Each structure stands twice: as C-alpha cells, then as structure tokens.
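Below is one structure, written out as structure tokens; the observations come after it.
The values are calculated or read from the model by the stated rules, or taken from the named source; none is laboratory data. Values in this document were obtained by computation on a predicted structure and should not be read as measured data. Here the Cβ positions follow ideal geometry from the backbone for every residue, glycine too, while neighbour counts run over all protein chains shown. Heads up: the accessible areas ignore ligands, DNA and RNA and are worked out on the full protein's heavy atoms, side chains in. Shrake-Rupley method; radii C 1.70, N 1.55, O 1.52, S 1.80 Å.
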Amino acid sequence: MGLTISYDLNLGSDSIELAREKIHALHQAAINLPFEKVSEVVELVGEPCRDEHNKMEELHRFLQLEAARGIEYENSYFFVDPVQLIAFTVLPGKGCESANFGLALFPETTQIKLRKPEPGADPNEIKPWGWEDFKIKLEEKRTGKIDETKVEIRTIPTNLTHWSWSNFCKTQYASNPEYGGMENFLKCHGLVVQMLDIAQDLGILESVCDEGGYWESRNTQTLSQSVGNYNALVAGVVGGLKTLLTQEGIEAKTQAPITDYPNYEYLEAEGEQQIKREKERE
C-alpha cells in the first residue's frame, strides 16, 4: 500500500535486435541521470527467465519475478514466464523501491493447472488452482508426479504479442524525513517519470498510471499534496488496524514503512481524521 507509478512498455515488433537497441539506449539514459544505482543490462533466455529456478540472493531475483505477466482465463488470473528478457534495474534513492525497465518475449501458449471438481459435483465446474491446494503441490514436488484425479493440465493461448514489459515503482516512502523528506521524494518520483519520458521518445511506452498525478500534471505542488495525503491515510489505516487487534487481545507487531517516520503519530492522527471524514460523506 502506497503511492505508486505503474507503466507498460511495448516494442510493437518481434525483432530482438530492435528490443536490444531500445533497452540499451534507455539504460544509457539511466546512467546519465542521478540514480543512486543502475545495474547492468541483463539478457536471459529460456529457463533462467523463470523466477523459481533462481536463488533469493541472486542480484536480479526480483527483476525475474516481476518480468512475469498476468493473463486472465475463465475469470481466473495466471502468470506467464517470459522465454527471453532484456532488462535492468534502477534505484532512484533512499526509501524508494527499485524500478525495472526492460522488454520480454512470451510464449504463444502456456500450461495452467485447474482443480477438478469433487465426485458428484458439476463436471464443468473446474476451479482454478488455489492456496487450498498447497499440500497437493508439496506432494507433487516430493514425488515428481501429478495426481490426475485431482488436477487438469490445460494449454491456453497467452495473447501476449511482441516484446513487452509491465512494472511499477512505489515512491511514497522516499518521503520519510530521515531520507530527505519531500525533496528526496520529488527527486525519486521525478527520476522514474524522466525514464518514462525517454521510453516515450524511444517509441516503446504504452501506458502510465501515476497515483500522484504527476505524469499528467507535471505539477510538483500537486504531487507533494498527494504524497502527504497518502502518508496520512496509510498511517491512519495502520494505526486503526493496530487498535483493532489490540481490542481483540492480539499483540500487534505491525511492520510498515510508514511507522518508521519520525512524525508517524502526527500522520496517524491526520489519517484517522481523513478516514472519519470519508465515512461521514458516505
């Protein structure tokens, strides 16, 4: 939860040479900007693109994780791993999430797991593979076999054409006063927007969703007000949750970046007032 800027990139072509050219141009632009850190360009093909085959300590663990794209099928959501990716990671500044920029190529089809209905149930009622099947999945890993009486493997089209990318960067917590406050936040958020401007100039930007409204307005005052409202709202929600848990006799050990703010208690009080006003409007 927090103020985020999301973006989609699309090459509009199947050319690997063009994909490589665009990402290296974007990477060079990132090097010329005042990011805290810019990784090298990573190019992976086949199995190394799959997150589950990589160890947590590897440098590009989350780049590989976020390269997967979600697709909808029969009111369910499934993730598709790329077959090839060209990408890099930037860190705008303290408190800000890293942002990944790249292009990935996806298979035309993918296999999904669907749970078969229980005996006597409607045979057409095939449910998506969910958390309740975790024990079955563990058993599959242990034995290396799939119980075909409980699971159906179905091949479906991905409809993910050309080289594309979908990612987001949560910039809100760069506003922590201990990291430089509003000045640091505006720098971090602005750097991500600059990268998207360059991606647009390169002809690979498809869409942007900026919860701070800065992509559309380019107004730093509006952006500052947005992150201030977000900070108060998140603090109010976290504080309300802690109060609720305490009332239920549950020891609250909330881990949230907003609680690290030196002015957290003030933000919490402001957030509670925001929430109260919203309820009164309903």
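Numerical summary
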{"quantity": "D201 paired with D260, simple spin-label distance in nm, labels 7 Å along Cα-to-beta-carbon", "calculated": "3.3"}
{"quantity": "Amide proton proximity set for T110, modelled H, under 5 Å, gap of 5+", "calculated": "I156, T158"}
{"quantity": "Whole-Hz ³J(HN,Hα) from phi, Karplus 6.51 cos²θ - 1.76 cosθ + 1.60, for the stretch 270-275, glycine and proline x", "calculated": "5, x, 4, 5, 4, 4"}
{"quantity": "Largest-first ordering by accessible area, 1.4 Å probe, given options I250, I198", "calculated": "I250, I198"}
{"quantity": "Per-residue HN-Hα couplings for the stretch 184-201 [Karplus 6.51, -1.76, 1.60; θ = phi - 60°; Hz; x = Gly/Pro]", "calculated": "5, 4, 4, 5, 5, 5, x, 5, 4, 5, 4, 5, 6, 4, 5, 4, 5, 4"}
{"quantity": "Accessible area in the full protein assembly, largest first, 1.4 Å probe, for Y77, Y179, Y261", "calculated": "Y77, Y179, Y261"}
{"quantity": "Largest to smallest accessible area among L160, L3 [probe 1.4 Å]", "calculated": "L160, L3"}
{"quantity": "H162 accessible area, 1.4 Å probe, all protein chains in place, Å² to nearest 10", "calculated": "60"}
{"quantity": "Vicinal HN-Hα couplings computed from phi for the stretch 25-31 (Karplus, 6.51 cos²θ - 1.76 cosθ + 1.60; Hz; Gly/Pro x)", "calculated": "5, 5, 5, 4, 5, 5, 4"}
